[in-house]
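Undergrad: Provided herewith is a single structure, encoded as structure tokens, for subsequent inquiry.
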Amino acid sequence: MGAALRIILILVIAWYIVRFINRYITPVLFGSPKKDKVPPGPEEKKFRKSTRQGDVTITDYGKRSKDVNPGDNDYIDYEEVE
């Protein structure tokens, strides 16, 4: 019984150490993601004002060309394995 309690105690301590590292040490080493965020530009502000929360918007960036030629398709016949 003492070994199980010892393992649980080690796991809890390890959990708090990992949380501490993620919360305080990682932002100092790699920079905070909140500081790296660029403020929204005028177009994004206008877009946010024109849409309500929950609306779905689709932005079309034009037709994209496909790199696949229609005549180069190969047919692959798969066999069932029993």
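Taken together, the values in this text are just the output of simple stated rules run on the coordinates, not laboratory data. Values in this document were obtained by computation on a predicted structure and should not be read as measured data. Neighbour counts run over all protein chains shown; Cβ positions are idealised from the backbone, glycine included.
Undergrad: Between Glu44 and Asn22, what's the calculated FRET efficiency when r is the beta-carbon distance and R0 is 30 Å? Round to 0.05. Working shown, then result.
TA: Details: r = 30 Å, r/R0 = 0.99.
Step by step, r from the Cβ atoms, then E = 0.50.
Undergrad: List Ile76, Ile10 from most exposed to least, where exposure is judged by having the fewest other Cβ atoms within 10 Å. Numbers along the way, then the final one.
TA: On the way: Ile76 5, Ile10 10.
Going from sparsest to densest Cβ surroundings: Ile76, Ile10.
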